[in-house]
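Down below is the structure, laid out as structure tokens.
The values are calculated or read from the model by the stated rules, or taken from the named source; none is laboratory data. What you are looking at is a predicted structure, and each value in this text was computed from that prediction instead of being measured. Because the Cβ atoms are built from the backbone with ideal geometry, glycine has one as well, and the counts that use them run over all protein chains shown. Keep in mind that these areas ignore ligands, DNA and RNA; they rest on the heavy atoms of the full protein, side chains included. Shrake-Rupley method; radii C 1.70, N 1.55, O 1.52, S 1.80 Å.
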Amino acid sequence: MASPSRSVSQVVGKALLLGRRSPSLDSQVSGCRACCVPGRASSQLRRHSLKAAAGLPAAGISILRPRRRPDGRRLRAAPASAASSPQLSSIRSVVLDIEGTTSPISFVTDVLFPYARDNARKHLHATYGTVEANDDIALLRAQIEQDLAEGVAGAVPVPPEDAGKDEVIDALIANVEAMIKADRKITSLKQLQGHIWRTGFEGQEIKGVVFDDVPPALEKWHASGIKTYIYSSGSREAQRLIFGNTTFGDLRKYLCGFFDTTVGTKRESRSYYEIWQSVGVDRPSQILFLTDVYQEATAAKAAGLEVLISVRPGNTPLPENHGFRTITTFAEVFT
């Protein structure tokens, strides 16, 4: 057995290495300058890593050292009580999902997705050869190559650029339509959709739809000093477009930043850990995450965030005994 001093020094060394390698996500957060705390993420990570290495508890983190039975077997965590409420008095930041939380699912499925699908060809023809379009196409090509290698249904090869503009676009459209139909949460598709939606919003063909209780809640939280962020599988540009062009006007003045899949997928707890490192609070439990998806709620809870599940018309039913407090309106959040 290694000596205690040697094992601690080894772990501290690994923790310092982890702190140096952890990606800074300051660039993922955009919005009002007062809400952003540059440089805080890396220092927090190093503090918590060193505490964990020295055997000290890191505030707000309960997953660093699992409990075990005397026989060495891991103890199962007790299921959360459905009646238990998050410690809302300690909340400093709120992170919001869009679809099914701030906005009806029908707005995404019946308005945004069809608009992107119906205008993808027109958009690619109009922008073909521009820096933005070249970047969109490069991302799509990379994703399609991966899909072909993995045998993903609907993936078709894209000819090289010298094959001609029309042939390239035809192949891209076939892949994009298959991706949209499968409702895939991938960066290449979301980036292209965001650029297509920008044209629709700028031309007043699309207006962002949010529930009636959302604007007054955002205004109230902002006035009370709570920093609110959006985390969606849609691109950050698409998020800004939706909240900047709603039927209630521009709501971005109440928001401090936007996160998308470049921070990680919404069903992985690591994504919420990275968000915590970026929003400038001391503990993940000072962040409240609102979503309509049980798997996202579970991932956020595992990262130490407080969670509420949004129950709105058209949302997917939740599993029985899910263990989370639910709300039907934002007016219920801090009650």
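Number of residues in segment 317-335 that are free of Cβ contacts under 8 Å to residues at least 60 places away in the same chain and either among the basic types (Lys, Arg) or open to solvent by 20 Å² or more (accessible area, probe 1.4 Å) (or both): the value is 8.
Residues in segment 104-128 that are of a type in the set (Ser, Thr, Tyr) and under 26 Å from the mean Cα position of the chain (by Cα) were compared, and the one that is farthest from Glu161 (Cα to Cα) is Ser106. Within segment 174-202, the set of residues being β-branched (Val, Ile, Thr) and open to solvent by 10 Å² or more (accessible area, probe 1.4 Å) comprises Ile180, Ile186, Thr187, Thr199. In segment 175-184, the count of residues that are part of a loop (DSSP other than H, G, I, E, B), farther than 27 Å from Arg121 by Cα and not small (Gly, Ala, Ser) is zero.
Residue by residue, here is whether (1) in contact with a helix residue (DSSP H, G or I) (Cβ under 9 Å, 6 or more places away or on another chain); (2) aliphatic (A, V, I, L, M) holds:
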site: Gln286; (1), (2): yes, no
site: Phe289; (1), (2): yes, no
site: Ala297; (1), (2): no, yes
site: Ala300; (1), (2): yes, yes
site: Leu305; (1), (2): yes, yes
site: Leu308; (1), (2): yes, yes
site: Pro313; (1), (2): yes, no
site: Glu320; (1), (2): no, no
site: Thr328; (1), (2): no, no
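Within segment 101-134, the set of residues being over 17 Å from Met179 (Cα atoms), open to solvent by 30 Å² or more (accessible area, probe 1.4 Å) and either assigned to a loop (DSSP other than H, G, I, E, B) or without any contact (Cβ under 8 Å) to a residue 40 or more places away in the chain (or both) comprises Lys122, Ala126, Tyr128, Gly129, Thr130, Val131, Asn134.
Being open to solvent by 30 Å² or more (accessible area, probe 1.4 Å), closer than 23 Å to Thr109 by Cβ, modelled with pLDDT of 95 or more and part of a helix (DSSP H, G or I) is the requirement here; does Ala142 meet it? Taking the combined requirement at face value, the residue does not satisfy it. One residue alone among Leu251, Leu218, Leu241 is under 20 Å from Ala120 (Cα atoms) and of a type in the set (A, V, I, L, M), and that residue is Leu241.
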